[in-house]
1. Which one is modelled with the highest pLDDT, of the residues in the stretch 130-159 that are in a loop (DSSP other than H, G, I, E, B) and surrounded by fewer than 18 Cβ atoms within 10 Å (Cβ to Cβ)?
2. Quick check on this structure: which one of Leu114, Leu94 is loosely packed, with under 13 Cβ neighbours inside 10 Å, out of contact with any Cys (no Cβ under 6 Å at 6 or more places or on another chain) and closer than 26 Å to Asn15 by Cβ?
3. Does Ala62 meet the test of being modelled with pLDDT of 90 or more and within 15 Å of the chain's Cα centre (by Cα)?
4. List the number of the failed condition for Ala30; all other conditions in (1) at pLDDT below 90; (2) of a type outside the set (Val, Ile, Thr); (3) exposed (fewer than 13 other Cβ atoms within 10 Å of the Cβ) hold.
5. Residues to consider are Asp32, Asp28; find the one that is part of a strand (DSSP E or B) and free of Cβ contacts under 8 Å to residues at least 12 places away in the same chain.
Amino acid sequence: MTSVVTSEPTAVFGNPIDLVEEIVNANDWAHDRASEEELVVEISGRWCDYRLYFVWQEELFAMHFSCTFDMKVPKGRRAAVYELLALANEKLWLGHFDLSTEDNSPAFRHAALLRGIGAGSAEQVEDLVDIALSECERFYPAFQLVLWGGKRPLEAIAAAMIDPVGEA
């Protein structure tokens, strides 16, 4: 395998989970610092509650992030949800949706490579959370339509992509 080599090693400036925890505390979000490398956050959204997981992988200089829906996919609907995931992922610029094999919950996932930039910035963390929550909120109705409304994934995505105009 080919690898890129730089002339000087890059120093690590800190654990980005510390920065994430500062932002979480500033927003007064419920959270649990499971370890030095892991933080779990609970946030209420428009459609459901979301669980955010932040995990720092020092060896890779990467922070893995996931935003899990408060929803379980029954065994009989998994094929339709997998199709929905593929359709939703085509519409994303960053991250992706997947289905956890552990608890059958849909989640938005993304990893941020931080080598050479230290622990990252507050703006990066805020953007990561904002993007994840907005995508989860945008696609949540599609998941509901497939799971409980009996709609086909293509119909559900089309309904989720409609942007309302005006106010009621």
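The values are calculated or read from the model by the stated rules, or taken from the named source; none is laboratory data. It should be emphasised that the depicted structure is a prediction, and the values quoted were computed from it without experimental measurement. Note: ideal-geometry Cβ built from the backbone for every residue, glycine included; neighbour counts use all protein chains shown.
1. Within the stretch 130-159, the match that is modelled with the highest pLDDT is Arg152.
2. Matching residue, one of Leu114, Leu94: Leu94.
3. It is false that Ala62 is modelled with pLDDT of 90 or more and within 15 Å of the chain's Cα centre (by Cα).
4. Of (1) at pLDDT below 90; (2) of a type outside the set (Val, Ile, Thr); (3) exposed (fewer than 13 other Cβ atoms within 10 Å of the Cβ), only one is false for Ala30: (1).
5. Working: Asp28 fails: part of a strand (DSSP E or B).
One residue alone meets the criteria, Asp32.
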